[in-house]
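Remarks on the structure that follows.
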Amino acid sequence: MIHRRRMLGRRMFGRRMFGRRMFGLGAAALAAALLLQSPPALAQQAFTRYFPFLIDLAGWEGKKPDGVAMETTGANMISAGREYQRGPAHLHAQILIGAPAQGALAATQTGMNIETSEARINTSTIDGMKIARTFTFKDKSGAIIVALAGNAVFSFAFNGIADDEALALARKFDWKAMQAAVPK
């Protein structure tokens, strides 16, 4: 009798767990379906419109551009990026719009110039646009942040190349055209 109750309890518990799993899977499937049916064309257009700015770089193998558009109450974010590789060196070019870009913009506004035996951080203006540059000497890595608008940046992260070469590559991208394309 006790053994039979334990077995019955296991079966009932197993059914409850199965039911919960099925409910969870059903809820996930419903959420995915809603996301696919909600205006993905608008969300997709929000980042794909920046793909043409992510150009091919001679001598570098560029991956296919990708992106994200996210909209929540009171906050929107758009990110379009592309990765590049040449041997062991890597680059990542990204246009970032929205709240996350505002944090990166702070770096371009500081007017800070610091150099140590390990790294360099500086800000400057190129072609009328404020930029921030970081560079770590040991692993030849860093980033270049270009202020495009009050809520948008072009970010160019690199690894395995000198910072002067990285700046020359970053300048191949049309910063002014990006600036004109981002929402004000």
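So here's what we get for this one:
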quantity	calculated
Inter-residue pairs, beta-carbon under 9 Å, first free of Cβ contacts under 8 Å to residues at least 12 places away in the same chain and in the range 74-92, second of a type in the set (A, V, I, L, M, F, W, C) and part of a strand (DSSP E or B), 6+ apart	none
Test: residue in the range 124-137 that is part of a strand (DSSP E or B), out of contact with any helix residue (DSSP H, G or I) (no Cβ under 6 Å at 6 or more places or on another chain) and free of Cβ contacts under 8 Å to residues at least 12 places away in the same chain	yes
Residue list for the range 60-69, restricted to those being in a strand (DSSP E or B) and in contact (Cβ under 8 Å) with a residue 24 or more places away in the chain	GLU61, ALA69
Candidates GLU83, GLU71, GLU61, filtered to the one that is touching a helix residue (DSSP H, G or I) at 6+ places or on another chain (Cβ under 9 Å) and among the charged types (D, E, K, R)	GLU71
Flag for ALA170 being touching a Phe, Trp or Tyr at 6+ places or on another chain (Cβ under 6 Å), among the small types (Gly, Ala, Ser) and under 26 Å from ASP56 (Cα atoms)	yes
Restricting the range 23-81 to residues that are at pLDDT below 95 and exposed (fewer than 10 other Cβ atoms within 10 Å of the Cβ), the residue that is farthest from LEU169 (Cα to Cα)	LEU34
Residues that are of a type in the set (D, E, K, R), assigned to a loop (DSSP other than H, G, I, E, B) and in contact (Cβ under 8 Å) with a residue 40 or more places away in the chain, drawn from the range 141-184	ARG171, LYS172, ASP174
Some residue of the range 106-122 being surrounded by 19 or more Cβ atoms within 10 Å (Cβ to Cβ) and either out of contact with any Cys (no Cβ under 9 Å at 6 or more places or on another chain) or not assigned by TED's automatic domain parsing to the domain that holds ALA157 (or both)	yes
Every residue from the range 108-123 that is outside any strand (DSSP E or B) and either among the aliphatic types (A, V, I, L, M) or under 24 Å from the mean Cα position of the chain (by Cα) (or both)	THR108, GLN109, THR110, MET112
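The values are calculated or read from the model by the stated rules, or taken from the named source; none is laboratory data. This is a predicted model, so every value here is computed, not measured. For neighbour counting, all protein chains shown are included, and Cβ atoms are generated from backbone atoms with ideal geometry for every residue, glycine included.
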